[in-house]
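Beneath this line is the structure, given in structure tokens, with notes to follow.
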Amino acid sequence: MARTMLQKPEDYRLTNMDDVSCHSKRMTGNRRRLLQVGIGIGGMLLAGPASLLFRSEAAGRTRAVQAEVATISGRGSLEELMALALQHEHGAMIQYANHAGLLSHWINPIFATSIQDIIADEVEHTVTLVNALAVRGLTPTLAVWPPRSGDQARELILMDIAAEQGAVELYTQMLEHDLDPTLRTAITSIRDAEILHRNIFNDLLEKV
Ligand SMILES: [Fe+2]
Ligand SMILES: [Fe+2]
């Protein structure tokens with residue numbers, strides 16, 4: 001994360017944009033650890049009134065973030081969407097680091113272990129965006145989309161689900177533009193990672 005905030009734009013080109021890995025794919029191992037400490041992941045199927053309430057709350061948060069993203073992006077150009085996504089990635093990194101620390105303190109350190117893989121993915125997404133902006137002669141922003149926090153574990157994870165849904169919407173909007181094949185592959189990979197992140201947070205929501 002520190003490298004993202006400190007390096008000059010040209011230094012980001014060290015990463016091949018074709019090589020978009022996904023740290024959160026290693027969540028399978030993290031899930032195994034969650035099970036080992038007795039707070040295992042229960043899968044995506046929700047059951048019972050309490051879970052339905054959680055899902056309803058998550059949907060409400062998601063709509064709010066979607067509306068916020070739509071207001072900012074409108075019918076933005078590809079470059080505007082990439083700049084907005086870069087801010088969103090910066091904000092997500094800060095928000096998730098905060099939430100990982102709080103959840104680790106309140107519930108179990110394994111939450112931090114799980115969320116750090118998602119943070120690593122967001123860092124890689126910033127590298128891709130910075131590269132794409134730089135090759136277009138644009139200076140990548142260090143602006144930060146406002147991160148959110150709270151004092152309830154469930155509230156935090158609902159915020160994270162909403163943030164991921166906002167990211168999914170942003171990258172989906174980008175894919176509606178005329179992209180070169182390399183960038184399309186990279187953006188598609190990021191969009192898919194955001195969907196995975198959203199699903200992981202949905203799993204975590206059942207554990208708080
Ligand atoms: Fe991301
Ligand atoms: Fe994400």
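Pairs, please: C-beta under 7 Å, at least 6 apart or cross-chain, first residue touching a residue at least 24 places away in the same chain (Cβ under 8 Å) and assigned to a helix (DSSP H, G or I) and in the stretch 192-205, second of a type in the set (Lys, Arg) and more than 9 Å from ligand 2 (Cβ to nearest atom)?
Leu205/Arg154
Checking the structure you have, find out if any residue of the stretch 67-75 is more than 13 Å from Asp160 (Cβ to Cβ) and modelled with pLDDT of 95 or more.
Within the stretch 67-75, not a single residue is more than 13 Å from Asp160 (Cβ to Cβ) and modelled with pLDDT of 95 or more.
Exactly one of (1) within 21 Å of Phe111 (Cα to Cα); (2) more than 16 Å from ligand 2 (Cβ to nearest atom) is unmet by His177. Its number?
Checking His177 against (1) within 21 Å of Phe111 (Cα to Cα); (2) more than 16 Å from ligand 2 (Cβ to nearest atom), the one that fails is (1).
With the condition kept exactly as written, say whether any residue in the stretch 118-136 is farther than 18 Å from Ile190 by Cβ and among the polar types (S, T, N, Q). Break it down stepwise before answering.
Just the residues of the stretch 118-136 that are farther than 18 Å from Ile190 by Cβ, to begin with: none.
Scanning the stretch 118-136 turns up no residue that is farther than 18 Å from Ile190 by Cβ and among the polar types (S, T, N, Q).
Return the residues of the stretch 89-106 that are in contact (Cβ under 8 Å) with a residue 24 or more places away in the chain, touching a helix residue (DSSP H, G or I) at 6+ places or on another chain (Cβ under 6 Å) and more than 16 Å from ligand 2 (Cβ to nearest atom); say none if nothing qualifies.
Leu103, Trp106
For the list (1) crowded, with 19+ Cβ neighbours inside 10 Å; (2) farther than 27 Å from Asp203 by Cα; (3) away from ligand 2 (no atom under 13 Å from the Cβ), I need the number of the one condition that Leu129 fails.
Among (1) crowded, with 19+ Cβ neighbours inside 10 Å; (2) farther than 27 Å from Asp203 by Cα; (3) away from ligand 2 (no atom under 13 Å from the Cβ), the lone unmet condition for Leu129 is (3).
Does Thr182 count as within 15 Å of ligand 1 (Cβ to nearest atom) and over 20 Å from Ala97 (Cβ atoms)?
Here the answer is no, as Thr182 does not meet what is asked.
Testing Met159 on (1) away from ligand 1 (no atom under 14 Å from the Cβ); (2) under 20 Å from Lys25 (Cα atoms); (3) of a type outside the set (S, T, N, Q); (4) assigned to a helix (DSSP H, G or I), one condition comes back false. Which one is that?
(2)
Given the residues Thr141, Thr188, which is the only one that is without any contact (Cβ under 8 Å) to a residue 60 or more places away in the chain, closer than 18 Å to His23 by Cβ, in contact with a Leu (Cβ under 8 Å, 6 or more places away or on another chain) and not charged (D, E, K, R)?
Numbers: Thr141 fails: closer than 18 Å to His23 by Cβ.
Testing whether each residue is without any contact (Cβ under 8 Å) to a residue 60 or more places away in the chain, closer than 18 Å to His23 by Cβ, in contact with a Leu (Cβ under 8 Å, 6 or more places away or on another chain) and not charged (D, E, K, R) leaves just Thr188.
The values are calculated or read from the model by the stated rules, or taken from the named source; none is laboratory data. Everything numeric here is computed off the predicted structure, so don't read it as measured data. With ideal geometry, Cβ positions are generated from the backbone for all residues, glycine too; neighbour counts draw on all protein chains shown.
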